[in-house]
1. Of everything in segment 225-242 that's in a loop (DSSP other than H, G, I, E, B) and more than 20 Å from the chain's Cα centre (by Cα), which residue is nearest to residue 129 (Cα to Cα)?
2. Look through segment 1-24, keep the residues that are part of a helix (DSSP H, G or I) and in contact (Cβ under 8 Å) with a residue 12 or more places away in the chain, and return whichever of them is least open to solvent (accessible area, probe 1.4 Å).
3. Please find, among 211, 251, 245, 222, the residue that is in a loop (DSSP other than H, G, I, E, B) and either of a type outside the set (Asp, Glu) or under 19 Å from the mean Cα position of the chain (by Cα) (or both).
4. Take residue 247 and tell me if it is closer than 21 Å to residue 50 by Cβ, surrounded by 16 or more Cβ atoms within 10 Å (Cβ to Cβ) and touching a Cys at 6+ places or on another chain (Cβ under 8 Å).
5. So residue 144 fits all but one of (1) in contact with a Gly (Cβ under 6 Å, 6 or more places away or on another chain); (2) at pLDDT below 95; (3) farther than 30 Å from residue 245 by Cβ; what number is the exception?
6. Surrounded by fewer than 16 Cβ atoms within 10 Å (Cβ to Cβ), of a type outside the set (Ser, Thr, Tyr) and closer than 21 Å to residue 124 by Cβ: which single residue out of 226, 260, 238 fits that description?
7. Could you check segment 105-137 and list, in sequence order, the residues that are assigned to a helix (DSSP H, G or I) and crowded, with 18+ Cβ neighbours inside 10 Å?
8. Can you name the number of the only condition in (1) open to solvent by 50 Å² or more (accessible area, probe 1.4 Å); (2) in contact with a helix residue (DSSP H, G or I) (Cβ under 6 Å, 6 or more places away or on another chain); (3) in contact (Cβ under 8 Å) with a residue 12 or more places away in the chain; (4) not in a helix (DSSP H, G or I) that residue 70 fails?
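The values are calculated or read from the model by the stated rules, or taken from the named source; none is laboratory data. Please read these numbers as outputs of a predicted model, since none were measured by experiment. Here the Cβ positions follow ideal geometry from the backbone for every residue, glycine too, while neighbour counts run over all protein chains shown. Surface areas here come from the heavy atoms of the whole protein model, side chains and all, with no ligands, DNA or RNA. Shrake-Rupley method; radii C 1.70, N 1.55, O 1.52, S 1.80 Å.
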Amino acid sequence: MRQFKNSDEPFFLAVGFMKPHLPFNAPKKYWDMYDFNEIKLPGNMKKPDGAPDESMHNFGELRNYSDVPAQGPLDEEFMRKLIHGYYACVSYTDAQIGKVLNELERLGLAENTIVILWGDHGWHLGEHDLWCKHCNFEKVLHTPLILRAPGKKQNLKTNAWVEYVDIYPSLCELAGLAKPFHLQGKSIVPLAENPNQPWKEEVFCRWIRGETVVTKTHTYTEWFNDQTGKVTTRMMYDLSEDPEETVNISEKPENKKLVDELSEKLEKHIQERDRLVIP
């Protein structure tokens, strides 16, 4: 940034922070921000009722560490220590982000620099008896996204649904650049003016063979056979009644109409997504 300060050229700087990714190591002062004795385990530490096996995994990313058993449940105290470490790493990363933003201010670059802060995925801390990511549950699909842009209102919050594919067109609009033809997202810049305006009715997520549509009220996921392309299994959760996704309701007869509607949305999205071929 100090080099950019002395240049008249526009700059794009991507800054990546590994934490709070594994391993959960951070300076002691960040661990000391949290009292281990007050850390509690989540209340829904079991596989959702009726959830397909495809929705679960053995969180191999965590089990690769030497002090984690290769199979079976984790010790309760060890799980609380993991949560403690995750909290410490989040605060540690917050501090590093603060250093970058403070330097932007100190260099006088903040007044004409667009900043987007986002996370690449959510994380399980024992919910559903899962750790890490690698699945299609809402806690893993839900990520942070913060935008600050010169001339735009500050300290606004929106409940609008946005997706990773929306970041590229947003940066193009804010920087006054032409948007490439292949973009599939929608600029979120209008939300910086009116965060409560009508927006997307649903967003889409994918993990390997699992395709998910998320609406204001439900998450719906289908898994597909690689050879035939046919749906092999599915799950659906009512986020308004069951925000922790504890009961799969996709097979309940009374939900057939909604399942069909969400499945149709998913099929249309996949077709539109896969239709775009970049030479």
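1. 241
2. 4
3. 245
4. Judged against the criteria, residue 247 is not a match.
5. Result: residue 144 fails condition (3) only.
6. 238
7. 127, 128
8. All conditions are met except number (3).
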